[in-house]
1. Roughly how many debye, to the nearest 20, is the charge dipole of the chain about its Cα centre, given +1 on each Lys and Arg Cβ, -1 on each Asp and Glu Cβ, and no other charges?
2. So who's got an amide H within less than 5 Å of the one on Val156, skipping anything under 5 residues away but keeping other chains? H placed 1.01 Å off N, in plane.
3. Using the heavy atoms of the protein chains alone and a 1.4 angstrom probe, what is the accessible area of segment 1-44 per residue in square angstrom?
4. Of Gly173, Pro87, Gln7, which is farthest towards the positive pole of the chain's charge dipole, taken about the Cα centre with +1 and -1 on the beta-carbons of Lys, Arg and Asp, Glu respectively?
5. Identify the trypsin sites (Lys or Arg not before Pro) of segment 89-129 meeting these criteria: DSSP loop state and at most 15 other C-beta atoms within 10 Å of the C-beta.
6. Once every DSSP H run of n ≥ 4 in the chain is given -39500 (n - 2.57) and the sum is divided by its residues, what mean residue ellipticity at 222 nm do you get, rounded to the nearest 500 deg cm²/dmol?
7. Among Val113, Ser133, Gly164, which residue has its Cα positioned farthest towards the positive end of the charge dipole of segment 2-175, with +1 placed on the Cβ of Lys and Arg, -1 on the Cβ of Asp and Glu, and the dipole taken about the Cα centre?
8. Excluding Val44 itself, what net charge comes from residues whose Cβ is under 13 Å from its Cβ, given Lys and Arg +1 and Asp and Glu -1?
Amino acid sequence: MRLVAWQPDDLLRRLDDVVAVYGEAMGYRKELLQTRRGYIGSHVRRPGFRAVATLTAEGRLAGFGYGYTSAAGQWWHDQVRASLDEPSRKYWLSDCFEVVELHVRPVAQGHGVGARQLRALLAMAEGKRVLLSTPEADEQVSRAWRLYRRFGFSDVLRDFLFPGDERAFAILGRELPVAEGTVS
Ligand SMILES: CC(C)(COP(=O)(O)OP(=O)(O)OC[C@H]1O[C@@H](n2cnc3c(N)ncnc32)[C@H](O)[C@@H]1OP(=O)(O)O)[C@@H](O)C(=O)NCCC(=O)NCCS
């Protein structure tokens, strides 16, 4: 497995694979994936965009992750902003990198690929803090939760409902940079 940094056009060239990995990892239906494809395609032009990918020896996409500078006018940012009090807004949102997607194909999970992707992405990220959202789940059982806790992410908002999605999410955050060697 090889971890690479992706430029916006690298991701766009592999958009079909990206959407396929996303769908497999999240277990989402086909209809939902079409909408997501459009969003992902537009995200690559946002300021501060950074992306990483993991490729197999044959060049297959095993996982990817990306994010960008969180800013007013972005749907996710505005939803989170509306639920934070003023001091928290200032602290979390004024100079913040958002991890938008982080996924590993199910067959490749559990071998450190997600951790390597997250570490590389955060090392490239601009900003004083990083935020992400993840579905609420049992922290001991969920691989995503264990990963984020290992990386030192703490609760910013819990049981958060985004309009149009009945699942509850947690918004997690931490300061940047992540010191090298602190997370295995
Ligand atoms: C969440 C996700 C990205 C994590 O990626 P992953 O590659 O499975 O995670 P890692 O392999 O880095 O960590 C998983 C385990 O491997 C272990 N590990 C780390 N390095 C390792 C290595 N070199 N060799 C073997 N195992 C290793 C970790 O200790 C960890 O153990 P744990 O799961 O028991 O806590 C991935 O599971 C995924 O795509 N899940 C579905 C989608 C999702 O939830 N995405 C995030 C939503 S916001």
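The values are calculated or read from the model by the stated rules, or taken from the named source; none is laboratory data. Predicted model only: the values in this text are computed from it and were never measured. We place every Cβ from the backbone using ideal geometry, glycine too, and count neighbours over all the protein chains shown. For accessibility, only protein heavy atoms count, side chains too; no ligands or nucleic acids. Shrake-Rupley method; radii C 1.70, N 1.55, O 1.52, S 1.80 Å.
1. On the way: 26 positive and 23 negative charges, 83 e Å.
Here the size comes out at about 400 debye.
2. Here the answer is Ile171, Leu172, Gly173, since their amide H atoms fall under 5 Å of that of Val156.
3. On the way: 2690 Å² over 44 residues.
On a per-residue basis, 61 Å².
4. After comparing all options, I get Gln7.
5. Working: sites: Arg89, Lys90, Arg116, Arg119, Lys128, Arg129; in loops: Lys128.
Those that pass, being in a loop and sparsely packed, are Lys128.
6. Numbers: 7 runs with 69 residues, N = 184.
-11000 deg cm²/dmol, from helical runs alone.
7. Val113
8. Values: positive: Arg13, Arg14, Arg37, Arg45, Arg46, Arg50; negative: Asp9, Asp10, Glu101.
Local net charge: +3.
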